[in-house]
Amino acid sequence: MLKNDIGKNRFLAIMEAMSEGILLINRKNRIAMANRSAEEMLFWAAPLEGRDITDVFSSSTLERSLKSVGRNGDRTSIKVTCWKGSTGDKAIVKGKGREKQYSLSITPIDDKYIVISAEDITEIERLSHVRQDFVSNVSHELKTPLTAISGFAETLTEADLSAEDTKRFASIILKNSTHMQRIVSDLLLLTSLDREEIEPAMKDTSDEAIFSEVKAYTAYRAEEKGMAISYEPAGIAVRCQESLIVQAVMNLVVNAVSYSPAESGIEVRSRVRGGMMDISVQDHGVGIARQDIARIFERFYRVDKGRSRESGGTGLGLSIVRHIAMLHGGTIKVESELGKGSVFTLSIPIS
Ligand SMILES: Nc1ncnc2c1ncn2[C@@H]1O[C@H](COP(=O)(O)OP(=O)(O)O)[C@@H](O)[C@H]1O
Ligand SMILES: [Mg+2]
């Protein structure tokens with residue numbers, strides 16, 4: 001079909017159907033036409049027709065690009081950041097997030113008009129920052145033990161070391177490589193949880209079975225610190241990915257042991273509440289300040305880096321717990337008081 005045959009109505013329908021925002025502006029920067037996606041994307045400035053484009057985006061990059069745009073032909077692509085709300089009260093009422101990022105392609109089509117196609121890239125940009133931060137955190141976390149390993153390995157190659165020193169340096173190397181292994185296996189677990197491959201491994205089990213596994217894996221840690229862990233299962237039949245729930249509860253118990261003084265007690269309980277099984281792990285340890293509670297589920301966030309590392313933590317334990325809870329359609333909550341202790345509660349649907 002020749003483009004001429006499409007007809008004006010069909011052409012407008014195509015514009016309206018596009019997911020990109022399309023804006024036609026005149027050489028005085030006034031918007032002459034905007035498609036539906038543009039109106040939706042920039043809802044806080046709607047209706048767009050008749051407005052000055054530089055008011056809508058209030059971006060100096062855009063102003064510069066529009067000034068230097070030619071008569072026709074070449075397309076310029078820019079990224080602009082703008083604040084919803086900068087153009088009127090409406091935005092403050094309606095806006096959700098504040099900062100928005102757009103990718104704009106600016107193409108002059110003739111002496112009179114310029115076409116701008118706009119894409120909201122706020123989420124894409126956010127995810128790319130998250131990924132960059134994550135890679136830099138991982139590198140940093142691995143670098144510390146790696147530096148220790150290569151440093152002490154180098155010392156070991158020196159000829160005149162006593163047997164005692166040799167043994168000491170070798171054990172430092174072992175400790176650091178174990179730590180690296182732990183980080184790597186936690187990262188692999190997080191990655192597999194991200195892929196959400198859970199359905200096939202769901203099985204019927206019980207809180208008793210879960211607790212006894214957790215107990216077997218964590219008893220030696222508690223014994224080391226002279227701590228007693230009491231398990232009080234309510235006797236609940238539950239359908240879940242058992243190994244993951246065991247892993248999650250284990251992470252909570254290991255934390256309770258790590259962040260509590262020697263000789264204190266820990267209580268692990270379960271109960272049914274509205275179709276959910278709640279498993280709570282209560283300790284009488286250091287507690288968590290209010291401002292940290294919001295962040296402890298982030299990857300690599302620790303309140304006290306030294307203490308976490310000393311107890312062999314990777315900073316990934318709680319983000320693994322949160323992933324496992326979400327995979328099951330459940331939640332993880334925490335109540336805590338500084339100096340008094342914490343209660344972490346994992347809730348998952350019973351069936
Ligand atoms: N039971 C707890 N009591 C006090 N602080 C805790 C407790 N559990 C977790 N935290 C805090 O949350 C941080 C993150 O926990 P986690 O993700 O398990 O990492 P890690 O234990 O490896 O440091 C810990 O470093 C610690 O500061
Ligand atoms: Mg931990």
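The values are calculated or read from the model by the stated rules, or taken from the named source; none is laboratory data. All figures in this text were calculated on a predicted structure; none of them were measured in a lab. Every residue, glycine among them, receives a Cβ derived from its backbone with ideal geometry; neighbour counts consider all protein chains shown. To get the accessible areas, we keep the full protein, side chains included, count just its heavy atoms, and leave off ligands, DNA and RNA. Shrake-Rupley method; radii C 1.70, N 1.55, O 1.52, S 1.80 Å.
Below 9 angstrom from the Cβ of LEU346, what's the summed charge of the other residues (Lys, Arg +1; Asp, Glu -1)?
The answer is 0.
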Problem set entry | Shape metrics for segment 219-302, restricted to C-alpha atoms - Rg then Dmax, Å | 14.0, 38
Exercise. When the distances between all Cα atoms of segment 122-195 are binned every 5 Å from zero, what whole-number percent does each bin get?
Worked result: 3, 14, 17, 17, 14, 10, 9, 7, 5, 3, 1, 1
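To the nearest 20 debye, what charge dipole does the chain have about its Cα centre, counting +1 at the Cβ of each Lys and Arg and -1 at the Cβ of each Asp and Glu? Please list the in-between numbers first.
Values: 46 positive and 48 negative charges, 292 e Å.
In debye, rounded to 20, the chain gives about 1400.
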Problem set entry | Bins of 20 Å, starting at 0 and running to the largest distance - Cα pair percent for the chain | 23, 35, 29, 12, 0
For this session: Compute the Rg/Rh shape ratio of segment 154-311: radius of gyration over Kirkwood radius, all on alpha-carbon atoms.
Result: 1.05
Seminar exercise, completed: Of all DSSP beta bridges with both partners in segment 161-301, the antiparallel percent, nearest 5, is 70
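When the dipole is taken about the Cα centre of segment 241-331, and only Lys, Arg (+1) and Asp, Glu (-1) are charged at their Cβ, what size is it in debye, to the nearest 20? Could the numbers behind the result be given before it?
Details: 11 positive and 9 negative charges, 58 e Å.
That gives segment 241-331 a dipole magnitude of about 280 debye.
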Exercise. Tilt of helix 242-258 relative to the longest C-alpha principal axis of the chain, in degrees (0 to 90, nearest 10)?
Worked result: 70
Problem set entry | Gaussian network model of the chain, springs between alpha carbon atoms under 10 Å - residue of GLY341, GLY151, GLY317 with greatest fluctuation | GLY151
For this session: For the chain, find the longest principal axis of its Cα atoms and tell me its angle to the long axis of helix 317-327, 0 to 90°, nearest 10.
Result: 60
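On a 29 Å Cα-Cα criterion, which of the cross-link pairs LYS100/LYS305; LYS175/LYS215; LYS67/LYS100; LYS215/LYS333; LYS79/LYS143; LYS203/LYS305 come out too long?
Numbers: LYS100/LYS305 34 Å; LYS175/LYS215 24 Å; LYS67/LYS100 23 Å; LYS215/LYS333 22 Å; LYS79/LYS143 34 Å; LYS203/LYS305 37 Å.
Flagged as over cut-off: LYS100/LYS305; LYS79/LYS143; LYS203/LYS305.
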Exercise. What size of dipole, in debye to the nearest 20, comes out for segment 197-351 about its Cα centre when the only charges are +1 on Lys and Arg C-beta atoms and -1 on Asp and Glu C-beta atoms?
Worked result: 460
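If you roll a 1.4 Å probe over segment 197-351 with all protein chains in place, what percent of the accessible area is carbon or sulfur?
Values: 3740 of 7420 Å².
Heavy-atom surface of segment 197-351 belonging to carbon and sulfur, 1.4 Å probe: 50 percent.
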Problem set entry | Between helix 8-17 and the chain: long-axis angle, C-alpha atoms, 0 to 90°, nearest 10 | 20
